[in-house]
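Input: a single structure, listed below in structure tokens.
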Amino acid sequence: MSEKKVIEALIIDLVKLLAEDFQIDSLINPDATTLLYGIDGPLDSMALVNLIADIEDAISEKFSVSISLADEKAMSAHHSPYRSVTSLADAVLERMPS
Amino acid sequence: MKTIVITGSRKGIGKALAEHYLKDGWRVAGCSRDDASIEHSHYFHFSLDVSDEDAVIAMAHKIKTDFGRVNALLNNAGIASMNHALLTPAKTVNQILQTNVVGTFIFCREMAKLMRSTDNARIVNFTTIAHPLNLEGEAIYAASKAAVESLTRILSRELAALKITVNAVGPTPIDTDLIRGVPEDKMKALLSRQSIQRMGKVTDVINAIDFYLSEKSDFITGQVLYLGGVS
Ligand SMILES: NC(=O)c1ccc[n+]([C@@H]2O[C@H](COP(=O)([O-])OP(=O)(O)OC[C@H]3O[C@@H](n4cnc5c(N)ncnc54)[C@H](OP(=O)(O)O)[C@@H]3O)[C@@H](O)[C@H]2O)c1
């Protein structure tokens, strides 16, 4: 599996857990293209905060690196990195040390 | 064992707080720019500047790996510069805002992430009576603490869903290095504006923080408690 697929799978698992916690029916079976936040995304800001922190935690546990997904790059990006599973996976990859 | 993060724990109020909570059975993760001045098997020191985002993220990572979670955060690290506004260089302004406001914010953000899995987590920020008293000669220091108070109130709302309370304590002058340079006549004039006209003690601050940290205080958030009867 490519690194991107590994990270997408990890995010999908976390989205599933979040969907249970926050009772978000539309996110029970997410895939890479599932929209998360912003236009047509079902997450509110509190759920997004939890998901971002969960992803940062999981990355730190799996790869022993600490990344911050809420950085200047994310704030100034033309397209929000938080909008879908795949855009989040790209954001994680961009922030991982090579 | 519960973990408390205390910034600015090398000296002054922060050191006394660290010693108090160690005695009380907490594990203490402290920090300051310089090396540790406390030796204790449950004390862990991080030498960093509170406004250095990468260093704070690395500290949070280490705490998460070693201890799993954080139960409380005391944003005590702070600097002041007592000077007339017309004699205050922009560099000093930036330093004060970086330490007092940016540092407090980064610690709230990073430690709140480590508090998500705990019930009854607590954040206590540090302000000063210089803000409500509009003290001359402390424009930037007081303004920085006004920002900390605003941060406290808004974060109390944003973090309520995570069961984290966010409050602030505003001490009166306490004999530490922070106020060494204040002339005696200025100090007397300041104390005369308090309802109870004496110097503060570290135990006064500890008492207020113990109250915020108590499990029973889970309905108290977004509050600023000034000591000495200042309002
Ligand atoms: N003392 C008072 O009269 C008084 C009154 C009202 C409010 N307060 C507030 O109480 C808090 C503590 O004050 P204090 O009187 O204990 O001051 P202090 O004696 O000067 O101690 C300040 C502590 O903060 C650390 N520190 C300063 N800048 C830092 C930075 N950029 N990064 C990391 N650590 C830093 C210092 O250690 P290093 O030098 O090793 O970095 C030291 O441990 C402050 O927020 C202050 O505004 C104090």
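The values are calculated or read from the model by the stated rules, or taken from the named source; none is laboratory data. As the structure is a prediction and not an experimental result, all values here were calculated from the model. Counting neighbours? That spans all protein chains shown, and the Cβs are built from the backbone with ideal geometry, glycine included.
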Q. Can you tell me which residues in the stretch A:62-98 are among the hydroxyl-bearing types (Ser, Thr, Tyr), within 26 Å of residue B:107 (Cβ to Cβ) and out of contact with any Ser or Thr (no Cβ under 8 Å at 6 or more places or on another chain)?
A. A:64, A:68, A:76, A:82
Q) Of all residues in the stretch B:161-179 being out of contact with any helix residue (DSSP H, G or I) (no Cβ under 7 Å at 6 or more places or on another chain) and within 20 Å of residue B:133 (Cα to Cα), which is surrounded by the fewest Cβ atoms within 10 Å (Cβ to Cβ)? A) B:175
Q. Which one of B:69, B:27 is more than 14 Å from chain A (Cβ to nearest Cβ), away from the ligand (no atom under 13 Å from the Cβ), in contact (Cβ under 8 Å) with a residue 40 or more places away in the chain and out of contact with any Asp or Glu (no Cβ under 8 Å at 6 or more places or on another chain)?
A. B:27
Q. For residues in the stretch B:42-56 being closer than 19 Å to residue A:57 by Cβ and touching a helix residue (DSSP H, G or I) at 6+ places or on another chain (Cβ under 6 Å), which is nearest to the ligand (Cβ to nearest atom)?
A. B:56
Q) Do we have residue B:67 as within 29 Å of residue A:59 (Cβ to Cβ) and surrounded by 19 or more Cβ atoms within 10 Å (Cβ to Cβ) here? A) no
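Looking at B:116, B:122, can you tell me which residue is away from the ligand (no atom under 16 Å from the Cβ), within 28 Å of residue B:172 (Cβ to Cβ) and surrounded by 16 or more Cβ atoms within 10 Å (Cβ to Cβ)?
B:122
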Q) Do any residues in the stretch B:33-45 that are more than 14 Å from chain A (Cβ to nearest Cβ) have Cβ atoms under 6 Å from those of residues that are within 15 Å of the ligand (Cβ to nearest atom) and of a type outside the set (Gly, Ala, Ser), where the two are at least six apart or on different chains, and which pairs are they? A) B:33/B:49; B:34/B:10; B:36/B:45; B:37/B:10; B:43/B:28
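Considering only the stretch B:1-16, state which residues are of a type outside the set (D, E, K, R) and more than 9 Å from the ligand (Cβ to nearest atom).
B:1, B:3, B:4, B:5, B:6
Tally the residues that are without any contact (Cβ under 8 Å) to a residue 40 or more places away in the chain, within 14 Å of chain A (Cβ to nearest Cβ) and either in contact with a Pro (Cβ under 8 Å, 6 or more places away or on another chain) or within 14 Å of the ligand (Cβ to nearest atom) (or both), restricting the search to the stretch B:92-113. Even if it seems obvious, please write down each step before you answer.
Residues of the stretch B:92-113 without any contact (Cβ under 8 Å) to a residue 40 or more places away in the chain: B:94-95, B:109.
Add one more test, that the residue is within 14 Å of chain A (Cβ to nearest Cβ), and what stays is B:109.
From what's left, either in contact with a Pro (Cβ under 8 Å, 6 or more places away or on another chain) or within 14 Å of the ligand (Cβ to nearest atom) (or both): none.
The qualifying residues number 0.
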Q: State yes or no: is residue B:77 surrounded by 19 or more Cβ atoms within 10 Å (Cβ to Cβ) and either away from every other protein chain (no Cβ under 14 Å) or not charged (D, E, K, R) (or both)?
A: yes
Q. Hey, among the residues in the stretch B:142-185 that are in a loop (DSSP other than H, G, I, E, B) and under 20 Å from residue B:95 (Cα atoms), which one's farthest from the ligand (Cβ to nearest atom)?
A. B:181
Q) Scanning for something more than 14 Å from the ligand (Cβ to nearest atom) and within 14 Å of chain A (Cβ to nearest Cβ), does the stretch B:82-91 turn up at least one residue? A) no
Q | Filter result for residue B:155 (aliphatic (A, V, I, L, M), in contact (Cβ under 8 Å) with a residue 12 or more places away in the chain, within 14 Å of another protein chain (Cβ to nearest Cβ) and surrounded by 18 or more Cβ atoms within 10 Å (Cβ to Cβ)) | A | yes
Q) Does the stretch B:186-231 hold any residues that are charged (D, E, K, R), part of a helix (DSSP H, G or I) and surrounded by 12 or more Cβ atoms within 10 Å (Cβ to Cβ), and which are they? A) B:186, B:204, B:210
Q: List the number of the failed condition for residue B:130; all other conditions in (1) at pLDDT 95 or above; (2) surrounded by fewer than 17 Cβ atoms within 10 Å (Cβ to Cβ); (3) of a type in the set (A, V, I, L, M) hold.
A: (2)
Q: State the number of residues belonging to the stretch B:115-127 that are farther than 30 Å from residue B:187 by Cβ and modelled with pLDDT of 95 or more.
A: 4
